[in-house]
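Reading through the structure tokens given below for one structure.
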Amino acid sequence: MPSLPRPVIDLTADEARRIALRAQGFLGAPDRKAGVRGVLRHLGAVQLDTISVLARSHELIPYARLGAIGRKAVDTAYWTPPTDGTSAARPHAFEYWSHAACILPLEEWPHFAFRRRAYRARPHWNHTLPNGAYDQVVKQLRAEGPLTATDLGGAKKTSEWWDWSGTKVAVERALMYGEVVCVERRGWKRVYDLAERAVPEHLLHDRLDDAECLRRLVRLAGQSLGVGTRADLADYHRLKGDQVDAVIADSGLVPVTVQGWSKPAWADPEALRTPPRGRHRTTLLSPFDSLIWERARTERIFGFTHRLEAYVPKPKRVYGYFAMPVLAGGRLVGRVDPAREGRTLVAKQVTLDGPRAVPAVAQALSEAASWVDCSDVRVERVDDAALREPLVRELTRALG
């Protein structure tokens, strides 16, 4: 790393935690008028994932911040074009590779030019591109409009998930290059369209050099995190450490020290202007929520070890298939591994950080049940067996 400037402010660990919570939309009054689109722009990226237990992750993320918004309204907010007749029928967002596969605000399209260029220069790919397939996909999209890979001629050659057809290889390559855009998910299938139709003309360019793209993404990461280390900032949009180093001095972020953090940190100057105050959200968190994306950061800020165990063999799981951390009072106070059986939300495994966590976990479960149209909650296993009955009692009270 290059030599670092002298920190301009010292933060306590508690101040850093509260700054991070406010930056992620969990402290203070939610902006309900801005709604789901406001959450997306505030976070800068919302991760997608195929797993759906209570709901898909891109639904859980605005729910955690705004409360029980209609689930259909979430996808509508991300993808549905304006209907006021004043602008072209373009979506509010696009899907691209950021922290992972993410929904991104459409206005950030120019700032991913560095990644599109990197993909175009990539010499090796996991899938072979058949001759003529790329041009055929572009031609078909131009003629027929937005299509799924199935509409284009098939996503897979066999039933194996990884055995892509030539058409799927071609359209995904075009997506990475930026010639094609994913403009919505339909039944979890990507819907592709030409970038020239989906992206407004003033945004449809790769004119920004790598440094300008990286400065913007590092600044956005700092705003979305509130305060973070070099590793935190890099992880948010999956940049490399040296890419952060190259632009951090010009990003507008302020060097700070945080009590108990062993690494240098940077903060959003706006986050330092006023102390974080307001109401804390009590909620279940998706394991793919950007508050807890980076495991080392989660442990550093909350003293909480978070690990998604969906891909861990069942006998080796500690907390469950899709264990969802419970946020309450600005702390992570437990975990719930949920399932649904008809109109019953099942808490298959619950881990509590002591008796004081019981009311918060009951509240989070009852609110989540209502949101996914479940009228009952059944608790199966609580790691501390003595807390099972108190939790059931609180749930009975919360469910009315």
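The values are calculated or read from the model by the stated rules, or taken from the named source; none is laboratory data. As the structure is a computational prediction, the values presented were derived from the model and not from experiment. Methodologically, a virtual Cβ is constructed for each residue, glycine included, from the backbone with ideal geometry; neighbour enumeration extends over all protein chains shown. To get the accessible areas, we keep the full protein, side chains included, count just its heavy atoms, and leave off ligands, DNA and RNA. Shrake-Rupley method; radii C 1.70, N 1.55, O 1.52, S 1.80 Å.
A crude spin-label estimate for the pair Arg307 and Ser52, with each label 7 Å from Cα along the Cβ direction, gives 2.9 nm. Just to be sure I understand: with springs between alpha-carbon atoms less than 10 Å apart, which residue in Trp79, Trp125, Trp188 has the highest mean-square fluctuation in the Gaussian network model of the chain? Among Trp79, Trp125, Trp188, the largest mean-square fluctuation in the Gaussian network model of the chain belongs to Trp125. Accessible surface computed residue by residue for the chain, with neighbouring protein chains in place and a 1.4 Å probe, gives 46 Å² per residue. Relative protection proxy for 338-348, 130-140, from highest mean packing down: 338-348, 130-140 (other beta-carbon atoms within 10 angstrom). Working from the Cα coordinates of the chain, the gyration tensor eigenvalues give, after taking √(5λ), semi-axes of 35, 28, 20 Å in decreasing order. In this simple spin-label approximation, Asp10 and Gln259 carry label points 7 Å from Cα along the Cα→Cβ vector, and these lie 1.0 nm apart. Counted residue by residue at 0.36 nm each, then reduced by the alpha carbon distance between them, the extension gain from Lys189 to Lys240 reaches 15.4 nm. Normalised by residue count, region 261-356 yields a Cα convex hull volume of 155 Å³ per residue. Once neighbouring chains are kept in place and the probe is 1.4 Å, which whole percent of the accessible area of region 267-400 is contributed by carbon and sulfur? Roughly 47 percent of what the probe reaches on region 267-400 is carbon or sulfur. Among the chymotrypsin sites (Phe, Trp or Tyr not before Pro) in region 306-378, those located in a DSSP loop and surrounded by at most 14 other Cβ atoms within 10 Å of their own Cβ are Tyr311. In units of the compact-protein estimate 2.2 N^0.38 Å, region 171-294 shows a Cα radius of gyration of 1.30.
With semi-axes defined as the square roots of five times the eigenvalues of the C-alpha gyration tensor, the equivalent ellipsoid of region 103-177 measures 22, 16, 13 Å, largest first. In straight-distance terms, cross-link reach from Lys168 covers every one of the lysines whose alpha-carbon lies under 27 Å from its own, apart from those fewer than eight places away in the same chain; here that gives Lys139, Lys156, Lys157, Lys189.
In this rough spin-label picture, where each label sits 7 Å from Cα along the Cβ direction, the Asp376-Ala296 distance is 4.7 nm. Each listed q (0.14, 0.30 Å⁻¹) maps to a log10 I(q)/I(0) for region 187-238, found by the Debye formula over equal Cα scatterers with no solvent: -0.58, -1.03. With every protein chain in place and a 1.4 angstrom probe, the accessible-area ranking of Ser262, Ser290, largest first, reads Ser262, Ser290. Normalising the Debye intensity of region 125-231 to I(0), with uniform scatterers on Cα atoms only, and taking log10 at q = 0.10, 0.15, 0.20 Å⁻¹ returns -0.39, -0.76, -1.01.
Stokes-Einstein, applied to the Kirkwood radius of region 213-252 over Cα pairs at a viscosity of 1.306 mPa s and 10 °C, places its translational diffusion at 168 µm² s⁻¹.
Solvent-accessible area of region 131-232 (1.4 angstrom probe, protein heavy atoms only): carbon and sulfur portion equals 48 percent.
By the helix-only formula, in which each DSSP H run with n ≥ 4 contributes -39500 (n - 2.57) and the sum is divided by residues, the chain has a 222 nm mean residue ellipticity of -10500 deg cm²/dmol. For region 302-400, the convex hull drawn through the C-alpha positions has a volume of 100 cubic angstrom per residue. Computed over the alpha-carbon atoms, region 113-154 gives an Rg to Rh ratio of 1.04, Rh here being the Kirkwood radius from the mean inverse distance. Available extension along the chain between Glu144 and His280 is 44.2 nm, counting 0.36 nm per residue and deducting the alpha carbon span.
Relative to the Cα centre, the charge distribution of the chain, modelled as +1 at Lys and Arg Cβ and -1 at Asp and Glu Cβ, gives a dipole magnitude of about 500 debye.
Note on region 300-350: Kirkwood radius taken over Cα pairs, Stokes-Einstein applied at 10 °C and 1.306 mPa s, translational D equal to 132 µm² s⁻¹. Computed on the Cα atoms alone, the convex hull of region 23-148 gives a volume of 160 cubic angstrom per residue.
Rounded to the nearest whole angstrom, the semi-axes of the ellipsoid equivalent to region 225-283, taken from the Cα gyration tensor as √(5λ), stand at 23, 14, 12, largest first.
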